1. Grab the Cα-Cα distance for SER54 and LYS111, subtract it from 0.36 nm times how many residues apart they are, and report the gain in nm with one decimal.
2. Ranked from highest to lowest mean number of other Cβ atoms within 10 Å per residue, what is the order of the peptides 91-101, 20-30, 108-118?
3. For a Förster distance of 41 Å, can you work out the FRET efficiency between the beta-carbons of ARG118 and ASN38, rounded to the nearest 0.05?
4. Grab the Cα-Cα distance for TRP88 and ALA27, subtract it from 0.36 nm times how many residues apart they are, and report the gain in nm with one decimal.
Amino acid sequence: MTKKEKPYDAAALRKDLHKVLPGYKWAVHRSHKYLSTNHIEATGTVSGGFNRVSTLTVKVAIRPPPYKGPDFNITMIDPHRCTTVSGWGETFTQCVRDLQNSLEDTFQRTKGNLEILRQARKAVALQTTEDECHAE
C-alpha cells in the first residue's frame, strides 16, 4: 500500500519559494473563485533601498491525474530593459536552474556584443587620432 501523495498547494509553494530563493520577499496569490483552481501564482521581489531590484513571477499549473506533479514557470521581469526571461521545469529547482541558465546565456551574448562594440570604438578612436596627426 502506497502513501497517498499530498496535492501541491499554496503552502507547499511557499515552502519551496523560501527554501530555494530565501533572498526574495514572496507573496503567494489566492486563486479567484471565477478562475480554475488548477494554478497557483506568487510574486517575489528584492529591493535595494527604495528601488525594486528584481521581480520574479512564479506560476504553477496543477496538471490533471494522468500526469504526476505540477508544472512550473518562473518569469523574471527586468524593469530597466522592459524584457522578461522565463524558466520551465517539473520542479521548482529545475525551473530556477533553467532561468539561471537563460540569464547566463544572455549575459555571455551581451558581453560578447559589448566587447565587439568596444573594439570598434577603439578602432574609430585610433583612426581619428591618425587622421589628426596626418592633417598637421
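1. Details: separation 57, 0.36 × 57 = 20.52 nm, distance 2.05 nm.
18.5 nm is the gain from fully extending SER54 to LYS111.
2. Going from most to least packed, we get 91-101, 20-30, 108-118.
3. On the way: r = 49 Å, r/R0 = 1.20.
My answer for the efficiency is 0.25.
4. Details: separation 61, 0.36 × 61 = 21.96 nm, distance 1.99 nm.
Full extension from TRP88 to ALA27 adds 20.0 nm.
Read-outs: derived from the displayed coordinates by stated rules, not from any lab. On a predicted model such as this, the values are computed, not experimentally measured, just so you know. Here Cβ is always computed from backbone atoms with ideal geometry, including for glycine, and neighbour counts include all displayed protein chains.
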